Amino acid sequence: MSKYTDILYEMREGVARITINRPSKYNAFRGQTCDELIDALNSASWDKAVGVVVLTGAGDKAFCTGGDQSAHDGGYDGRGLIGLPVEELQGVIRDCPKPVIARVNGYAIGGGNVLVTCCDLAIASESAQLGQVGPKVGSVDPGFGTALLSRVVGEKRAREIWFLCRRYSAADALNMGLVNAVVPHDQLDAEVDKWCKEILAMSPTALAIAKRSFNADTDSIKGIGGLGMQTLALYYETKESQEGVRAFMEKRKPRFREIYEESRAKPKGENA
Ligand code: 2NE
């Protein structure tokens, strides 16, 4: 019996496949999901029989839609600064000494999009849609979610993605370098298998050195993320952030500007 409730872990012919298994929540992660992903990624990282890790979501709708908004009440339901150890999760993807491939089978939104950004490679179904929602729902993923994204797609694009919160097709994501390949949905597994087989023929140690060398250039972003999460925890205590979560759950437009203007009109110390 599996020790996991929110994810699936399968190991076959050198490939560890980790699946976020919460399709009814569009594979959004809660605290428990993050902890299980961290545990599974650590296992795959240090299992010598594993040569490649594939990260994906269950079902056809979503890869991952980020933090589970139904478990967010001025903070999420798990451990860490914001109730979700996302910075640790992103760190284990980067620290894993093997290539981690995002198999993008559907929506990669919010923190889900950040996971795609952190993975070494990404292969998407034609039906996938990618994008950020933070400023639309009272959140931000500082660190890898912003600064690494700008390394991947360029500064102007990264700012557009965060400031406008649009959804991008898989073809758009390919054009901007956020994914490596796009294939028809029914060919996604065959394509992922092909990439895995090619990687498995390579020297594992050379791959590990190459990955760490790529990472070395952007590892300072981890520090920015830690600082950012500290700030995010304070932001989550504000009415402005909480309005974003409520509006999403109530399926209505958020009243951000009104709340922001009201808070600025108050004397110092009454802004929260
Ligand atoms: C994913 C997206 C674009 C889909 O839109 P649409 O219109 O196709 O479907 P709908 O109706 O919005 O969603 C379908 C069902 O999935 C749930 C919805 O509530 C809805 O449930 P029902 O009404 O059918 O019961 N759902 C989707 N995403 C969810 C989520 N993340 N948590 C809980 N339930 C979710 C659209 O749904 C969307 O934009 N989702 C927003 C995702 C979101 O707000 N993510 C969190 C961002 S913040 C974050 O990830 C984060 C971070 O990156 C770093 C630190 C902390 C947090």
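The values are calculated or read from the model by the stated rules, or taken from the named source; none is laboratory data. As the structure is a computational prediction, the values presented were derived from the model and not from experiment. All Cβ positions, even for glycine, are placed from backbone atoms using ideal geometry, and neighbour counts span all protein chains on display.
Descriptive notes on the structure:
- Among the residues of region 59-73, the one identified as of a type in the set (D, E, K, R) and closer than 16 Å to ILE18 by Cα is ASP60.
- Which numbered condition ASP60 fails, given (1) surrounded by fewer than 24 Cβ atoms within 10 Å (Cβ to Cβ); (2) within 23 Å of PRO99 (Cβ to Cβ): (2)
- The requirement of being within 12 Å of the ligand (Cβ to nearest atom), modelled with pLDDT of 95 or more, more than 29 Å from GLU237 (Cα to Cα) and surrounded by fewer than 21 Cβ atoms within 10 Å (Cβ to Cβ) is fulfilled nowhere in region 87-100; no residue meets it.
- Which listed residue is near the ligand (Cβ under 10 Å from one of its atoms) and either modelled with pLDDT under 95 or not in a loop (DSSP other than H, G, I, E, B) (or both), from SER70, SER45: SER70
- Filtered residue count, region 83-101, keeping only those that are outside any helix (DSSP H, G or I) and over 18 Å from GLY14 (Cβ atoms): 3
- Matching residues in region 1-30 - criterion: being among the small types (Gly, Ala, Ser), surrounded by 22 or more Cβ atoms within 10 Å (Cβ to Cβ) and over 20 Å from ILE199 (Cα atoms): ALA28
- Among the residues of region 133-151, those identified as more than 21 Å from GLY244 (Cβ to Cβ) and over 14 Å from the mean Cα position of the chain (by Cα) are SER150, ARG151.
- Count of region 122-165 residues which are in a loop (DSSP other than H, G, I, E, B), within 11 Å of the ligand (Cβ to nearest atom) and not aliphatic (A, V, I, L, M): 7
- Filtered residues of region 8-61 (kept if in contact with a Pro (Cβ under 9 Å, 6 or more places away or on another chain) and polar (S, T, N, Q)): SER45
- Any chance GLY111 is in contact (Cβ under 8 Å) with a residue 40 or more places away in the chain, near the ligand (Cβ under 10 Å from one of its atoms) and over 13 Å from ALA173 (Cα atoms): yes
- The lone criterion from (1) away from the ligand (no atom under 15 Å from the Cβ); (2) surrounded by 11 or more Cβ atoms within 10 Å (Cβ to Cβ); (3) not hydrophobic (A, V, I, L, M, F, W, C) left unmet by GLN230 is number (1).
So that you can scan it fast, the table gives a plain yes or no per residue for (1) touching a Pro at 6+ places or on another chain (Cβ under 9 Å); (2) not in a helix (DSSP H, G or I):
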site: TYR168; (1), (2): no, yes
site: ALA171; (1), (2): no, no
site: ALA190; (1), (2): no, no
site: GLY228; (1), (2): yes, no
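- One residue alone among ASN215, ASN175, ASN180 is touching a helix residue (DSSP H, G or I) at 6+ places or on another chain (Cβ under 7 Å), surrounded by 13 or more Cβ atoms within 10 Å (Cβ to Cβ), among the polar types (S, T, N, Q) and at negative phi, and that residue is ASN215.
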